[in-house]
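Comments concern the structure below.
Every read-out reported here was derived from the displayed coordinates using simple, explicitly stated rules and does not represent laboratory data. Here the structure is a predicted model, which is why all the values come from computation and not from measurement. Methodologically, a virtual Cβ is constructed for each residue, glycine included, from the backbone with ideal geometry; neighbour enumeration extends over all protein chains shown.
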Amino acid sequence: MIDIKELSLLAKKAEASSKHLFRKHKKIVEKLDDHVAVLHEKYTAQYDCLACGNCCRSLGPFLTDRDIDKIAKALHLKPSAVVEKYIRIDEDGDYVFKTMPCPFLMPDNYCQIYENRPKACKEYPHTDRKKFYQITNLSIKNSHVCPIVYEVLEDLKKELK
Ligand code: SF4
Ligand code: SF4
């Protein structure tokens, strides 16, 4: 198990070799979806997100109009009130939360709007998706935040070496 306090340093050290290996073995990585799925199961079983909460503290999800409608419904507010209170447009023109840690992260790491959380939150950390080779660069970034991603990438690299 990775200590979350050490993750950033470990991920930084591993970054160059990850990029190199995934680029060099792109064709092999394209065929590794089944293996990534096994690693996803292995590490999501090992890590307790409620004991971590690192993604909700440090990464903001992109929000779609549908996400905003669902949050509004969960909070019994109008979508315009949700936008005014919680949302800003970032430098790329995307809707994101005004503040991080996420305004819906509770002190016990539960999500206040869990049943209606944004799609990007549901899909994070993206280690269970098909065509994983398409998101190796994103996953390298995520490995600085999420120990599950870090572990999956390190195991994949062992396979490729
Ligand atoms: S909406 Fe919920 S799952 Fe998404 S970042 Fe906030 S606390 Fe985390
Ligand atoms: S950073 Fe990863 S392990 Fe931590 S709460 Fe998020 S998904 Fe779970």
- What residue among D108, D92, D128 has the largest mean-square fluctuation in a Gaussian network model of the chain, using Cα springs under 10 Å? D92
- Item | Label-zone membership for the range 122-161, site M1, 7 angstrom Cα→C-beta point, backbone N under 14 Å | 147-148
- Task: Starting from the amide H of I87, placed 1.01 Å from N in the peptide plane, find each other amide H under 5 Å away whose residue is 5 or more places distant or on another chain.
- Result: K98
- Cα extents of the chain along the principal axes, largest first, in whole Å, come to 53, 30, 27
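Taking a threshold of 22 Å on the Cα-Cα distance, which of the pairs K26/K122; K5/K85; K24/K141; K5/K70; K78/K119 fall above it? Before the final figure, lay out the partial values.
On the way: K26/K122 27 Å; K5/K85 32 Å; K24/K141 18 Å; K5/K70 33 Å; K78/K119 19 Å.
Among K26/K122; K5/K85; K24/K141; K5/K70; K78/K119, the Cα-Cα distance tops 22 Å for K26/K122; K5/K85; K5/K70.
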- Item | Electrostatic dipole magnitude of the chain [Cβ: Lys, Arg +1; Asp, Glu -1; Cα centre; debye, to 20] | 460 debye
- Gain in span if fully extended, R129 to L75, counting 0.36 nm per residue against the direct Cα distance: 16.4 nm
- Query: How much FRET efficiency would the formula 1/(1 + (r/R0)^6) give for M106 and H20, where r is the Cβ-Cβ distance and R0 is 45 Å, rounded to 0.05?
  - Reply: 0.65
